[in-house]
1. For the range A:1-25, what are the residues that are open to solvent by 100 Å² or more (accessible area, probe 1.4 Å) and either within 26 Å of A:Gly172 (Cβ to Cβ) or in contact with a Lys or Arg (Cβ under 6 Å, 6 or more places away or on another chain) (or both)?
2. Could you list, ordered by first residue, the pairs with Cβ atoms under 9 Å in which the first is in the range A:150-169 and open to solvent by 40 Å² or more (accessible area, probe 1.4 Å) and acidic (Asp, Glu) and the second is in a strand (DSSP E or B) and near the ligand (Cβ under 10 Å from one of its atoms), at least 6 apart or interchain?
3. Of all residues in the range A:297-320, count the ones that are closer than 27 Å to A:Gly96 by Cα and among the charged types (D, E, K, R).
4. Among all residue pairs at least 6 apart or on different chains, which show Cβ distances below 8 Å where the first residue, located in the range A:30-44, is within 14 Å of chain B (Cβ to nearest Cβ) and part of a helix (DSSP H, G or I) and the second is near the ligand (Cβ under 6 Å from one of its atoms) and among the acidic types (Asp, Glu)?
5. Is it the case that A:Asp482 is closer than 27 Å to A:Asp329 by Cβ, free of Cβ contacts under 8 Å to residues at least 40 places away in the same chain and under 28 Å from the mean Cα position of the chain (by Cα)?
6. In this structure, does A:Asp492 turn out to be open to solvent by 60 Å² or more (accessible area, probe 1.4 Å) and among the acidic types (Asp, Glu)?
7. Mind listing whichever residues of the range A:370-383 are surrounded by fewer than 20 Cβ atoms within 10 Å (Cβ to Cβ) and either within 13 Å of another protein chain (Cβ to nearest Cβ) or more than 26 Å from B:Leu42 (Cβ to Cβ) (or both)?
8. For A:Glu113, are the conditions met, namely being in contact (Cβ under 8 Å) with a residue 40 or more places away in the chain and of a type in the set (D, E, K, R)?
Amino acid sequence: MLNTYAYPEFEYIQCDEQKHNTVKRHKAVIIGAGPVGLTTALDFAKQGIPVVVLDDNNTVSIGSRAVCYAKRPLEVWDRLGVGERMIEKSVEWKVGKVFRDEELVYQFDLLPEDDHKIPAFINLQQYYLEEYMIDECKKQYGDLIDFRWKSKIISLKNNDDHVKMQVETPDGVYGLESDYVVACDGANSDTRKMLGLEFDGHFFQDRFLIADVVMKADFPAERWFWFNPPFHRNQSVLLHMQSDDVWRIDFQLGWDCDPEEEKKPEKVIPRLKAMLGDDVDFELEWVSVYQFACRQLKDFKCGRVFIAGDAAHQVSPFGARGANTGVQDIDNLTWKLKLVMDGKVPESLLDSYSEERVFAAADNLLNSTRSTDFITPKSPISKAFRDAVLDLASEYEFARPLVNSGRLSMPTPYLNSSLNTPDEDTFSGKMRPGTNCADAPITVDGQDTWFLNKIANSKFVVLTFDTSITDKTVNINGIDCDILVVGKDIMDSKGCLQERYDGTGETTYLIRPDQHVAARWRTFDQDKIKKAVLTATAQ
Amino acid sequence: MSLNTKPNIASPDDFYQDLIDLHRDLSDEESRDLNARLILLLANHIGDMDILKAAMSAARKDT
Ligand SMILES: Cc1cc2nc3c(=O)[nH]c(=O)nc-3n(C[C@H](O)[C@H](O)[C@H](O)COP(=O)(O)OP(=O)(O)OC[C@H]3O[C@@H](n4cnc5c(N)ncnc54)[C@H](O)[C@@H]3O)c2cc1C
């Protein structure tokens, strides 16, 4: 196998607690340094919360894992200062093609709307993503983030006012305590088991061979999906470009294969040759066989432990949902926990983490299950309909939206959240309470910038189109909110804010620290703003 | 609008014959596939989700 990537090795250092055999009470402990745990570390540190990060390993993600990242998680990473580096290294793509046999059935263009900072989708190997986040943690927050590598959590217990844990390191076992714990220890989460929580959902009776292949090929940066291609009959195949001339190829294998056999190079190479042709030179970087599952917990909070990412929900990767949603779990959690830690709001606000993210996970699972049902039909009639859709799609436009080779991950708006203030006025456009804010180009003091970058300091923001407002901030029961007046504090240089927020007259929005709409009105009304802030903080 | 379950086809016998003729000489499997295509074409023409759902439940006889 060829390596285009040198895995960093992070140094294990025995921590003082273990050295001196003392038990220390921390504010927050994060279990697992995958994409979700690292996002947590960055977000907590950005808010000034010191954290201990425990990981049983001492490097980044190994092997073939996530490739595609969607706009919303990239916006979160951009808020945390790592988005631009990820985008720079990545492959951006917009066009997807679906083939059946040898024929192009249809192609789609993601047609991202202009005037957003972040692209619709990028492809990047998961190890880069993690490496960049670890770099940023060390560069910006060396004093706040305490990485403890080769530190495996082996027991965990919720108490009334803290969590007790035991950690195993190369030097043995030590104990530590924390006010709060975020469990980001992945699909096989030990924490989940220690808490006695069970996944709801199921595994799919199908397997996929996932190969990362290094080659100089002149395929365009597009997503190509085949149903029943001549080089892999009765199954599907997916081709995606990554950085450094690495390509991701997924072969559906069906249920009756031997996963160990299928992984062997002498099995894999002929499959790839049949697909790529004899004249393409390639080398294998990594090969694995996966069985996918769609499962989630009923509750993402258990006492003082929050469960996030794959530890809380697992989806099949069609549509690139795993890491993408996990990051949004943290976007949702951090500001709530910060307000609670600062004693500004009741602890009950934390229950809304589970309320909102369980809802989002269910939506995600639904989308993922639907794609899997199309790709892996579960009955003869389901297959007949699937094939009928493909038959019709090349000739008839109507059938194309029915082709489901993976719907691309979109954020789930929290439309029914208890933190929303329902609309009392009528609005057009998408910015309903519970929805993540649309970006827009703006100018501030004559400088071009982006709206989402302007509202990135994890505070409540009152956005108003009422230019008579002169206050810069408003304090509601100890919660500081910034006021941004469109036309004064920020200039709507291209009119996108006005259009995307239906910003006529004195339209005013209350935006949560995680850049989601909490409430909106047609006037600027202090009392209503106050009530909405209280509602959005479970008061 | 709700699902129209009153007679709506001008010449029922012609329609019925066409439907049966359509499947002439097809294997069971080919017939099943043809039916699937036909359902998709008709469903798209109807478009209205409430009507489609009413038709689905009427066809499944779960009233
Ligand atoms: C083939 C494939 C393709 C995918 N494609 C995509 C995609 O395109 N887009 C996307 O968004 N997602 C994709 N995913 C999913 C994505 O990889 C996961 O959702 C993501 O890695 C989850 O992040 P996490 O931080 O929750 O967990 P993980 O990445 O699993 O990290 C968990 C961490 O916890 C550590 N840990 C585990 N147990 C312990 C313990 N007891 N004590 C201490 N530490 C522990 C582990 O070492 C690890 O570092 C794909 C997955 C696969 C397999």
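1. The answer is A:Glu9, A:Glu11, A:Ile13, A:Lys19, A:His20, A:Asn21, A:Lys24, A:Arg25.
2. Here the result reads A:Glu168/A:Lys152; A:Glu168/A:Ile153; A:Glu168/A:Ile154, each pair linking the range A:150-169 to a residue that is in a strand (DSSP E or B) and near the ligand (Cβ under 10 Å from one of its atoms).
3. Counting residues in the range A:297-320 that are closer than 27 Å to A:Gly96 by Cα and among the charged types (D, E, K, R) gives 1.
4. No pair meets every condition.
5. For A:Asp482, the condition - closer than 27 Å to A:Asp329 by Cβ, free of Cβ contacts under 8 Å to residues at least 40 places away in the same chain and under 28 Å from the mean Cα position of the chain (by Cα) - is met.
6. Here the answer is no, as A:Asp492 does not meet what is asked.
7. Once the filter is applied, which keeps residues that are surrounded by fewer than 20 Cβ atoms within 10 Å (Cβ to Cβ) and either within 13 Å of another protein chain (Cβ to nearest Cβ) or more than 26 Å from B:Leu42 (Cβ to Cβ) (or both), the range A:370-383 yields A:Pro377, A:Ser379, A:Pro380, A:Ile381, A:Ser382, A:Lys383.
8. Here the answer is no, as A:Glu113 does not meet what is asked.
The values are calculated or read from the model by the stated rules, or taken from the named source; none is laboratory data. Keep in mind that what you see is a predicted model, and the values were worked out from it rather than measured. Because the Cβ atoms are built from the backbone with ideal geometry, glycine has one as well, and the counts that use them run over all protein chains shown. All accessible areas refer to the heavy atoms of the entire protein, side chains included, with ligands and DNA or RNA removed. Shrake-Rupley method; radii C 1.70, N 1.55, O 1.52, S 1.80 Å.
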